[in-house]
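Peer 1: Just passing along the structure, written as structure tokens.
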Amino acid sequence: MILTITMNPSVDISYPLNTLHINDINRVANVRKTAGGKGLNVTRGVKFSGIEVLASGIVGGTTGEYIQKQLDSDNIYYHFYVTKHESRNCIAILHEGNQTEILESGPTLGQKEVDAFLAHYQTLMDKAKVMTISGSLPQGFPVDFYATLIQIANKKGIPVLLDSSGKMLLATLVSEHKPYLIKPNKDELQQIIQMDIDVNDTASLIKAVDHPLLNAIPYIIISLGKNGAFARCYQQYYQVSIPKINVVNPVGSGDVTLAGLAVSIHENESIETMLKRAMTMGMLNAMESQTGFVNMHNYDDYFQQVIVNQIY
Ligand SMILES: Nc1ncnc2c1ncn2[C@@H]1O[C@H](COP(=O)(O)OP(=O)(O)OP(=O)(O)O)[C@@H](O)[C@H]1O
Ligand SMILES: [Mg+2]
């Protein structure tokens, strides 16, 4: 089973408008409300791949209840730590080909929730073979909280795939408790290593994945949008090329890419298959309008078009 952690999930609300009228009333008919947060996109990606998955994290209030109801209707297993503090709403206004987003930061939690979640988390570990951690932490949580989760998982021999950014990623990288895999995109990695990366220059990519901050991490997968990915798996480097596709909505592609990586590790697949699976999932998501959705009917077709080149 794959355990996915989403510490700050949301109800994602999408408002499609022909025109956004500022300082005026905007009426909207086709509202879509889904359970959101990067880790829940990972959860759906694993579910679409046919592997057993359990979603956890913290939810609260009526928004938290709504998130759980949505997961029920998608037949997704979950076991969150439940608080009284309302989970957040995130609003995306789609207008004139643009997407204007209003993102609540979510509840501010404290030491009580930190301790309670850690106790809850320990009870989930027994059945997990692989674990993913995605996105941001609730306000009030220590910035190195993911390192604590990784420390506990590492003790139990559960590999952790981490997709976070900024201070939270950095705090994990400098701690002694290392994730098994990270999947930054180019911007996220540049921010961490304070270095410009030229995606068309293999030497620049090698220099980035060889940065001392990343030394002790076995798998570094830099996802590069339409340019595929570059990976270091232990001491081997891989350039991954993907076909040109018809992009509808790439948001969440990195999340289902992480789902593909988790599934592969869960199934003990080869590195080549892992990279192909991950890229195929990302492309399938980018071709759909719904974030975190993939149409697995097209899986084999795109999988065969991904090229993995090992660099010696
Ligand atoms: N425009 C695109 N064309 C083709 N494939 C894409 C495109 N965007 C994303 N993908 C696929 O999805 C993978 C992950 O995308 P990307 O590198 O944009 O992740 P990300 O920035 O972490 O996204 P997010 O955080 O929104 O989920 C890519 O490696 C690729 O396989
Ligand atoms: Mg991402």
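FYI, it's all coordinate maths here, none of it is from the lab. Quick caveat: nothing in here was measured; it's all calculated off a predicted structure. Cβ coordinates were reconstructed from backbone atoms using ideal geometry, including for glycine residues, and neighbour counts include every protein chain displayed.
Peer 1: In units of 2.2 N^0.38 Å, what is the alpha-carbon radius of gyration of segment 175-301?
Peer 2: 1.03
Peer 1: Which order do the peptides 116-129, 265-278 come out in when sorted by mean C-beta neighbours inside 10 angstrom, highest first?
Peer 2: For the peptides 116-129, 265-278, the packing ranking is 265-278, 116-129.
Peer 1: Before anything else, pin down the relative contact order of segment 1-96: Cα pairs under 8 Å, at least 6 apart, normalised by residue count, whole percent.
Peer 2: The normalised contact order for segment 1-96 reaches 41 percent.
Peer 1: Moving on. Give a quick list of chymotrypsin sites (Phe, Trp or Tyr not before Pro) in segment 152-255 that DSSP marks as loop, anything other than H, G, I, E or B, with at most 10 other Cβ atoms within 10 Å.
Peer 2: When the chymotrypsin sites (Phe, Trp or Tyr not before Pro) of segment 152-255 are filtered for loop state and at most 10 Cβ neighbours within 10 Å, Tyr234 remain.
Peer 1: Give the distance, in whole Å, between the Cα centre of segment 87-121 and the Cα centre of segment 207-284.
Peer 2: 26 Å
Peer 1: R0 = 35 Å: FRET efficiency of Gln139 with Glu267, Cβ-based, nearest 0.05?
Peer 2: The calculated FRET efficiency here is 0.45.
Peer 1: Using only alpha carbons, build the gyration tensor for the chain and give me the equivalent ellipsoid semi-axes, biggest first, whole Å.
Peer 2: Semi-axes (√(5λ), whole Å): 29, 25, 19.
Peer 1: Taking a ≥ b ≥ c as the square roots of the Cα gyration tensor eigenvalues, with a/c under 1.5 meaning rounded and otherwise prolate when a/b beats b/c, else oblate, which class fits segment 88-237?
Peer 2: oblate
Peer 1: With n ≥ 4 as the cut-off for DSSP H runs, can you work out [θ] at 222 nm for the chain, using -39500 (n - 2.57) per run divided by the number of residues, rounded to the nearest 500?
Peer 2: -10500 deg cm²/dmol
Peer 1: Now for a different question. Net charge near Gln190, counting Lys/Arg +1 and Asp/Glu -1 over other residues with Cβ under 14 Å of its Cβ?
Peer 2: -3
Peer 1: Quote the relative contact order of the chain in percent (integer), defining contacts as alpha-carbon pairs under 8 Å separated by 6+ residues.
Peer 2: It rounds to 17 percent for the chain.
Peer 1: List the GluC sites (Glu not before Pro) in segment 1-97 that DSSP assigns to loop (not H, G, I, E or B) and whose Cβ has at most 10 other Cβ atoms within 10 Å. Which are they?
Peer 2: Glu96
Peer 1: With 29 Å as the limit, write out which pairs from Lys38/Lys155; Lys38/Lys112; Lys84/Lys155; Lys69/Lys178; Lys47/Lys207; Lys167/Lys207 have Cα-Cα distances beyond it, or answer none.
Peer 2: Where the Cα-Cα span goes over 29 Å, the pairs concerned are Lys84/Lys155; Lys69/Lys178; Lys47/Lys207.
Peer 1: Also, I was wondering about something else. Ranking His85, His21 by Cβ neighbours within 10 Å, fewest first, what do you get?
Peer 2: His21, His85
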